[in-house]
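S.K.: If you scroll down you'll find the structure; I have some questions about it.
Readers should treat all values here as calculations from the given coordinates under stated rules, not as data from a laboratory. The model shown is predicted, which means the values in this text are computed figures rather than measured ones. Cβ placement follows ideal geometry from the backbone for every residue including glycine, while neighbour counts extend to all protein chains displayed.
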Ligand SMILES: C[S@@+](CC[C@H](N)C(=O)[O-])C[C@H]1O[C@@H](n2cnc3c(N)ncnc32)[C@H](O)[C@@H]1O
């Protein structure tokens, strides 16, 4: 196996088995209720989608990578996960109607998006009035390189919060929290309207 393929296989494996703490942290931070409808943008193998579905009425994972979606479906079937669905799409183009979600989140995904402003506009379109957006990234130290750089610094979190405010979201707050052995940044915000 080439180095590139080995790296991808290890990355996918770590996403499939190692994202439980971050998924639980974002579900707690979102204060999900049984009425919520969650859309996870860049869902990968879908750990956070299954976590959401155990708290709320429906959870949809969206990802441009068909191999990720196949794995998400396979794991969900093996675990008999309920209320989950999967769609091919990208942050800039999610094949769901306007106002179809009460919560949109993106875990370790937004740093991959080529056009983040289009992703925020799409999140606003998907959210019903009062809906919440949560953007989660691994906290990385300034100057990190390679795999360790896949995330954001505390300064990057402040810039992300400013970006979301600029994109029209309100009540923007950034917090650093523990997820297992890692520290993650959760930037939370909302669109106006009844919650
Ligand atoms: C590091 S993985 C994180 C997966 C999952 N959210 C998790 O935490 O386990 C990043 C995911 O973002 C997806 N992705 C890449 N570009 C994207 C885009 N433009 N829009 C949405 N998702 C994207 C990738 O296919 C991949 O599944």
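S.K.: With the convex hull built on the Cα atoms of region 19-190, state its orientation-averaged projected area in nm².
M.R.: On the way: hull surface 36.3 nm².
About 9.1 nm², averaged over all directions.
S.K.: Roughly how many nanometres apart are two label points built 7 Å out from the Cα toward the Cβ at residue 194 and residue 173?
M.R.: Once both label points are built, they end up 2.4 nm from each other.
S.K.: Run the helix sum for the chain: -39,500 (n - 2.57) per DSSP H stretch of 4+ residues, divided by residue count, reported at 222 nm to the nearest 500 deg cm²/dmol. Let's see the in-between values first.
M.R.: Working: 6 runs with 71 residues, N = 195.
It comes out at -11500 deg cm²/dmol, rounded to the nearest 500.
S.K.: Hey, for a label at residue 117 modelled as a point 7 Å past Cα toward Cβ, could you say which residues of region 164-195 have their backbone N under 11 Å away?
M.R.: 167
S.K.: Determine the gain in length on full extension of the stretch residue 162-residue 145; use 0.36 nm per residue of separation and subtract their C-alpha separation, reporting nm with one decimal. Numbers along the way, then the final one.
M.R.: Details: separation 17, 0.36 × 17 = 6.12 nm, distance 2.44 nm.
Going from the current span to full extension adds 3.7 nm.
S.K.: Binning at 5 Å from 0, report for region 92-193 what percent of all alpha-carbon pair distances ends up in each bin.
M.R.: So the P(r) values, bin by bin, are 3, 13, 23, 25, 18, 11, 6, 2, 0.
S.K.: Would you kindly state how much longer the chain becomes between residue 87 and residue 34 on full extension, computed as 0.36 nm times their sequence separation minus their alpha carbon distance, in nm to one decimal? Could the numbers behind the result be given before it?
M.R.: Working: separation 53, 0.36 × 53 = 19.08 nm, distance 2.19 nm.
Length gained, residue 87 through residue 34: 16.9 nm.
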